[in-house]
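Read the structure below first, then the notes.
The values are calculated or read from the model by the stated rules, or taken from the named source; none is laboratory data. Fair warning: this is a prediction, and the values are worked out from it, not measured in the lab. Please note: Cβ atoms are built from the backbone with ideal geometry, for glycine as well, and neighbour counts cover all protein chains shown. Quick note on the areas: whole protein, heavy atoms, side chains included, nothing else; ligands and nucleic acids left out. Shrake-Rupley method; radii C 1.70, N 1.55, O 1.52, S 1.80 Å.
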Amino acid sequence: MKTSPPLHIPAHSSLHFAFRIARNTVLVAFVLLAWQPTSTAQDQDRWHCRAQQLLNDGSPSIKPLFAAVTDRFNATDLGYDGDIGLTTFSLTGSIERSDLEALLAFKAIELAGLQCTSNSGGTITVGTEPYPFHYDTGDAVVDDAQYQTAKSTWIERNPARYAQMNAKDDAAK
C-alpha cells in the first residue's frame, strides 16, 4: 500500500496562517459549546413576598416600603391592596431572615409581618404571617383551590386580625 507524503505547508505562508486560524476557531467554538456556566439567572431563586401592614385609622404611605424593597432587593411586580393592607413584590437572588427582620423594623411604615416564598420551596416568615395572595399560574382551578386553602388556614391562625380586616371593610360600606 502506497501512502502519500504528509502535507507540508511552509510556516510563513498565507495558507499556514489560514489553517491555524481555522483550527483555533474550531477549538474555541468547541470549548464554548461544551462549557456550561455554573450559575445562570434561571438557577437563582425567585422569591414572591408579602408584607402585611398594620391596619389603623391613618393610611400611611406605602411608598417608603416600595422604595426600600426596590433599592435593597431590586424588587419587581410591586403591588398593594389597601383594603387588607397587603403589599406584594418579587425578587431574584438570595434573601436572608435578617433582611426581612430589617424591613419589619422599618419605622416609615408599620408592618405586622413579612413572608417570602421561593420557587425552590423555601419560606421565610418574620412577624405575623401575612394574608394569603392569589397567585395566577394559568391554572384557575388549582390557583383558586390553593388560595382558598391558604385563606382558610390563615383565618384559623389569625382570627383577631381577620376580624379587624372585616371591621375595616364594614366601616367602608
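At 0.36 nm per residue, minus the direct Cα-Cα distance, what do Asn166 and Asp77 gain on full extension? Give it in nm, one decimal, please.
Working: separation 89, 0.36 × 89 = 32.04 nm, distance 2.66 nm.
Value of the extension gain: 29.4 nm.
Full extension of the chain segment joining Asn119 with Glu96 gains 6.8 nm, where the gain is 0.36 nm per residue of separation less the Cα-Cα distance. For the range 70-173, the relative contact order comes to 17 percent (Cα pairs under 8 Å, sequence separation of at least 6).
Solvent-accessible surface of the range 48-121, taken per residue with a 1.4 Å probe and all protein chains present: 49 Å². Taking the Kirkwood radius as Rh and the Cα radius of gyration as Rg, the range 52-168 has a ratio of Rg/Rh equal to 0.94.
Can you pull out the GluC sites (Glu not before Pro) in the range 86-173 that DSSP calls coil and that have at most 13 other Cβ atoms within 10 Å? Mind dumping the intermediate values first?
Working: sites: Glu96, Glu101, Glu110, Glu156; in loops: Glu96, Glu110.
Sparse-neighbourhood loop GluC sites (Glu not before Pro): Glu96.
Within the accessible area of the range 64-150, the carbon and sulfur atoms contribute 51%, probe 1.4 Å, all protein chains present.
When Tyr162, Tyr131 are compared by accessible area of protein heavy atoms, the largest-first order is Tyr162, Tyr131, using a 1.4 Å probe. When nucleic acids and ligands are ignored and a 1.4 Å probe is applied, Leu111 ends up with an accessible area of around 20 Å². Using heavy atoms of the protein chains and a probe of 1.4 Å, the accessible area assigned to Arg72 is about 130 Å².
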